[in-house]
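Remarks on the structure that follows.
The values are calculated or read from the model by the stated rules, or taken from the named source; none is laboratory data. Please read all numbers here as calculations on a predicted model, not as lab measurements. Backbone-built Cβ (ideal geometry, glycine too); neighbour counts: all protein chains shown. Only protein heavy atoms, including side chains, enter the accessible area calculation; ligands, DNA and RNA are left aside. Shrake-Rupley method; radii C 1.70, N 1.55, O 1.52, S 1.80 Å.
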Amino acid sequence: MFVRNCWYVAGWDNDVGDEGFLSRTIINVPLVFWRDAAGKVIALEDRCCHRGAKLSMGRKENGGDCVRCMYHGLVFDRTGQCISAPAQDRLPPQAKVRSFPIVESHRWIWIWMGNPDRADESLIPDTRWLDHPEWRSQDGYLHYDVNYLLIADNLLDFSHLPFLHPTTVGGSTDYASVLPKVERGERGVRLTKWVKGTQPPAYSAKYANYPEGALVDRWMYYDFLAPGVLLMDSGMMPAGTGGNVEHRESALAFRGCQALTPETETSTHYFFAHPHNFLIDRPEVTKEIHAGIVHAFEEDRQMITSQQQNIELDPSFKMVPLGIDAALSQFRWVVDKLIREEQPS
Amino acid sequence: MFVRNCWYVAGWDNDVGDEGFLSRTIINVPLVFWRDAAGKVIALEDRCCHRGAKLSMGRKENGGDCVRCMYHGLVFDRTGQCISAPAQDRLPPQAKVRSFPIVESHRWIWIWMGNPDRADESLIPDTRWLDHPEWRSQDGYLHYDVNYLLIADNLLDFSHLPFLHPTTVGGSTDYASVLPKVERGERGVRLTKWVKGTQPPAYSAKYANYPEGALVDRWMYYDFLAPGVLLMDSGMMPAGTGGNVEHRESALAFRGCQALTPETETSTHYFFAHPHNFLIDRPEVTKEIHAGIVHAFEEDRQMITSQQQNIELDPSFKMVPLGIDAALSQFRWVVDKLIREEQPS
Amino acid sequence: MFVRNCWYVAGWDNDVGDEGFLSRTIINVPLVFWRDAAGKVIALEDRCCHRGAKLSMGRKENGGDCVRCMYHGLVFDRTGQCISAPAQDRLPPQAKVRSFPIVESHRWIWIWMGNPDRADESLIPDTRWLDHPEWRSQDGYLHYDVNYLLIADNLLDFSHLPFLHPTTVGGSTDYASVLPKVERGERGVRLTKWVKGTQPPAYSAKYANYPEGALVDRWMYYDFLAPGVLLMDSGMMPAGTGGNVEHRESALAFRGCQALTPETETSTHYFFAHPHNFLIDRPEVTKEIHAGIVHAFEEDRQMITSQQQNIELDPSFKMVPLGIDAALSQFRWVVDKLIREEQPS
């Protein structure tokens, strides 16, 4: 069961080039993406209504306004309607495939998987840091063989940072002992947390001009929006200066953007970047920060994949909730509510 | 569900050599094949009645009249009866494995998977072109990870030729706009089609002495017999001379022989050859024609495998029928009827 | 369904080193093994009660008395109780994982998978030959993708030796025609057998000083204890001198120790060694004997894996019992009885 009436990240904008097609499955629906002559992304179901072949194995026609299935030659327009088929004068009205609302915004391609009439662009999260001239980041993608909610759990409980990521984004274990403030909204949760007088995390400590061994105040403000977009304002400043995120003198700040897009019940697309606004004229800094994040996310992937395997060994396994799970419990409540609301009454 | 009372192609004659065994699964039944001293092919269930071991891991005895299971030493005669077991004076009557009627005919080994009493050799399709001195071809085999009916669909609708196989067997797209005449018989369908004044297909055009760029008349007469044997008379002649398949002056003709043998519900053996009767003293021509066919069949395999994957993503997917599907709708009707007739009433 | 109240072999003693963890699944339960400061083996469920992560991806603390889950930092003591979690003052009582009784005995680590209160060390089979100064062997391990009972069948019917293992442990086929005496006990079966005036098996014949081509008397006494431990006294002596296993002049003897430990319903751990008490000052002899055994067991693995595949093709397949199956029929009766007795009444 997935939320359908919501925007999912379908890919980085350059995943869909001017030539050819991108074939990607989202919440069990095979999709074909391409750009029309004007460069606008089109998304149709990647399963010909005739015999189920992949349209992404076909070819663009009419300057990119149409796709022709190269199995039997049916042509579909950008709305998914079949407009031509060999030896067929009258096309049956059900000869069509689903089309999906698409919006490109700040480097990401967003797709609405539910009722197109309800596609509300104002719900698209703001990821302006991905293409802002004063911020720098590299594009990240990981494929996970787990249910997306296990990754959401991970991103909703950063008390795991000092344990799982000691050499990158972790810092000292006192970081785990401060619980974030958790606020539940209509479509997600907001977490805010300050940890004062703590060790700086290894992956960014070297870019601050703080004295060797100096402690820092770390902040983390983020929204996690159902079903899976994380927008985070995080960073550190010299110990004793923290507490108010508006005052950022001598701060080192990041605006992490991450998106979980379920592929199937047991696999997930994971898009991410970690923009920073310091040393932006030094590409090697951006590269190193990205490498540190990728290293940490690979640690996550191994741990979460072991979780999935353990759950598959005993599907009746019941998790024991702890205080650190407040955010993820609230988030799962939101997801369940959204799914429930979509069911026919 | 498979048709059982029918002849399936079990293999090319040289798949079963004088030495050793062939192990091959057909409609979910593991089978062992070997040749007796006289060279006759024997087929038994490849699953010892004692503990289920593969007889094909055993050894021939009594000059090939028997097979000994090399797990515990049971010996089976050519009828599948166990005639000896260690430390066992009286063998229980149920100590036997199934045996299957086998007929070798024109390079193919045919097996009857249903009631042996109903095995009617007159039902074996005629593939004389596979070993006729005036025809030449190479042996082909492909393994598919799809249900055999998806491949049958492909072979029953050649309107896909110009789209999926433009560089080999395709020709121009007008070929797709002429629907074949479809006649349903007791055990299959017959398709006949002439396309006049069309482009010759690339894989054979070079062997005709027609002027550069000249159009041709193409014919295609074939029987598709349940569950999966295709016998085709096809070819081309200079444009304006076609219409009567009996008059073949300046024609270039083929007698394609193809057989689909289900391995399991989601995998299929595919045997094929494409005999020609021109330039038969030039082996490189036979080789080139075969290579063109193999290239085209690999295009089919990729497309049909994508179909299977799309159907598995949504088993409730309903195909939208078009006019070009007449033959395959009729054929599926025949297969369903044969299966229904085999059910106990 | 598995027997739970019994000792399984969890591994060779050196599978669990002083550093790090061993992660191994037994009867569907993921387990983590490690050694405490005193070198004693501890076994807990390898699935953190909090979110299901693998404790074996964690780290030892308190000198090896505890393990810390490196996902969120929970600490478990040697009894499986969670004694610490970040930002959590009061731990819920259900915050624990299962712990398992462990006994190390003669090179093997034994684990009791059922009710710890019923763990009876007197039930641990005696494998003293694995570390006896007058016996030599090498450690063996194989992983099987089959249900353990198919391997038990193999080990309970040595009439397969001359057929499946002619070049190693087999000997001549008359060996198969002598049925062993089978006695059923509370937790297993005992088989005894003498075969007189038979060929010596190839793997050990060369170490006897018998005349070239001389026949031998072979004995085989063994217990097969549910669910899967085989302890065997076997060997050969010059033909005409056999019949009484107490008189072993000129005999060549082995004390095979083998253990089947189910991993899942369709996979099995197989631990084995084949101690001998002759030529113990020549390591190359021990090595050769081991190689012969490994060769034979690989032959078994291929045959038994083919059985498993054949059974999966038709789960309704019914085995036809023969006289040689007496021991394995009795053994399956014992296993079924033990499982039945564990069900709540």
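Give me the aspartates and glutamates in straight-line cross-link reach of C:K196: C-alpha distance below 20 Å, same-chain residues under 8 apart excluded. Here the aspartates and glutamates satisfying the reach criterion relative to C:K196 are C:D157, C:D174, C:E212, C:D217, C:D233, C:E246, C:E249. With helices as the sole contributors, chain B gives -6000 deg cm²/dmol at 222 nm; each DSSP H run of n ≥ 4 counts as -39500 (n - 2.57), and the sum is divided by every residue.
Computed over the stretch C:7-123, the P(r) curve from all C-alpha pair distances, binned at 5 Å from the origin, holds 2, 12, 24, 24, 19, 11, 5, 2, 0 percent per bin. Length gained on full extension, B:A37 to B:K206: 56.2 nm, using 0.36 nm per residue less the C-alpha separation.
Across chain B, C-alpha contacts under 8 Å between residues 6 or more apart give a mean separation that, scaled by the residue count, equals a relative contact order of 17 percent.
Charge tally around B:S99: other residues with Cβ under 12 Å, Lys/Arg +1 each, Asp/Glu -1 each, net 0. Take B:D117, move 7 Å from Cα toward the beta carbon, and the resulting point lies 6.4, 6.4 nm from the same point in each other copy, nearest first. Distances, shortest first, from the label point of C:A202 to those at the same position in the other copies read 5.5, 5.5 nm; the point lies 7 Å along Cα to C-beta. Taking 13 Å as the straight-line reach from the Cα of B:K96, the aspartates and glutamates in range (excluding those fewer than 8 positions away in the same chain) are B:E45, B:D46, B:D77. As a calculated quantity, the FRET efficiency between A:K337 and A:D15 at R0 = 35 Å, using C-beta atoms, amounts to about 0.65. The distance separating the Cα centre of the stretch A:322-344 from that of the stretch A:1-43 comes to 27 Å.
Starting from the Cα gyration tensor of the protein assembly as shown, take the square roots of the eigenvalues, sort them a ≥ b ≥ c, and report rounded, prolate or oblate (rounded when a/c is under 1.5, otherwise prolate if a/b is larger than b/c, else oblate). Note, shape of the protein assembly as shown comes out oblate.
In this rough spin-label picture, where each label sits 7 Å from Cα along the Cβ direction, the C:E104-A:S23 distance is 5.5 nm.
Interface residues of the stretch B:149-180, defined as those with an accessible-area decrease of at least 50 Å² between the chain by itself and the complete set of protein chains (probe 1.4 Å), are B:F163.
At a probe radius of 1.4 angstrom, the accessible area of the stretch A:188-345 per residue rounds to 43 square angstrom. If you find the alpha carbon centre of the stretch C:252-316 and of the stretch C:159-222, how far apart are they in angstrom? For the stretch C:252-316 versus the stretch C:159-222, the Cα centre distance is 16 Å.
Filter the DSSP H helices in chain A by two things, a Kyte-Doolittle mean of at least 1.0 and an axial alpha-carbon span of 24 angstrom or more, and list the hits by number.
On the way: long enough: A:283-313 (45 Å, -0.61); A:326-342 (25 Å, -0.10).
Span-like helices in chain A: none at all.
All Cα-Cα separations within the stretch B:219-340 were binned at 10 Å from zero, giving a P(r) of 10, 30, 36, 17, 6, 0, each value a whole percent of the pairs. In nanometers and ordered shortest first, the copy-to-copy spacing of the A:K181 label point, defined 7 Å from Cα toward Cβ, is 8.4, 8.4. In bins 10 Å wide, starting from 0, what share of all Cα pairs of chain B does each bin hold, as a percent? Whole-percent P(r) values from 0 Å outward: 5, 23, 30, 22, 13, 5, 2, 0.
For C:A53, the amide hydrogen comes within under 5 Å of the amide hydrogens of C:C48, counting only partners 5 or more places away or on other chains and with H modelled in the peptide plane. Here are some pairs, B:K193/B:K337; A:K60/B:K287; A:K54/B:K206; A:K181/A:K318; which of them have Cα atoms lying more than 28 Å apart in this structure? The answer is A:K60/B:K287; A:K54/B:K206.
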